[in-house]
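The values are calculated or read from the model by the stated rules, or taken from the named source; none is laboratory data. Computed from a prediction, not measured in an experiment: that's the story for all the values here. For neighbour counting, all protein chains shown are included, and Cβ atoms are generated from backbone atoms with ideal geometry for every residue, glycine included.
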Amino acid sequence: YSIRMPWGFVVRPDPLFSVVFLLSILLSVLGLDSKRSTAQGVVLTVLAGATSAALFMTKQTGIQLPVIALSFHLVTGDWRRLASYSLGFAALFLAAVLWFPVWLGPDWASSMFLTNASGVNVENALRKVFGPVLVQEGGAIFVAMAVPAWIAWMRTGTDTRFRLLAWATA
């Protein structure tokens, strides 16, 4: 029976995307843990940036987590983590840009960059995704559900890990 299985699902990027997405979130949250040493936090944040680069290269929607994490570090003024995350992201992304075309051939490079360049299109996202989701699919309810997270994030003394998750929720 396994010969007749539609094995095409194995080559889809969705399973890889899911694993790398969860790993990126986990590393981002662990990097914010105040119980860790500064060096451990920096290493975890660099790894979070690197896995986020892998996330983006896996699927174009993977750009969401780097945007969330980088904007969070920027808004909170956490320059060390902003630099660490950026370093991790840039290192893996640049290594892939330079090495993957040699290793996988020019077809991979053109496919990856054209797909991501056309996929990360804000106007297209607003028109085709956010509008229908917010209006036709009742997504405004999900936006309203983010309000308590924002309120929790605004309170002083809230753990930074929860503030990141509230930021991501909103």
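Restricting segment 113-170 to residues that are among the basic types (Lys, Arg) and at pLDDT 70 or above, the residue that is surrounded by the fewest Cβ atoms within 10 Å (Cβ to Cβ) is Arg155. Here segment 13-71 is the region considered, the condition is being closer than 16 Å to Arg161 by Cα, in contact (Cβ under 8 Å) with a residue 12 or more places away in the chain and not in a helix (DSSP H, G or I), and the residue that is nearest to the chain's Cα centre (by Cα) is Leu32.
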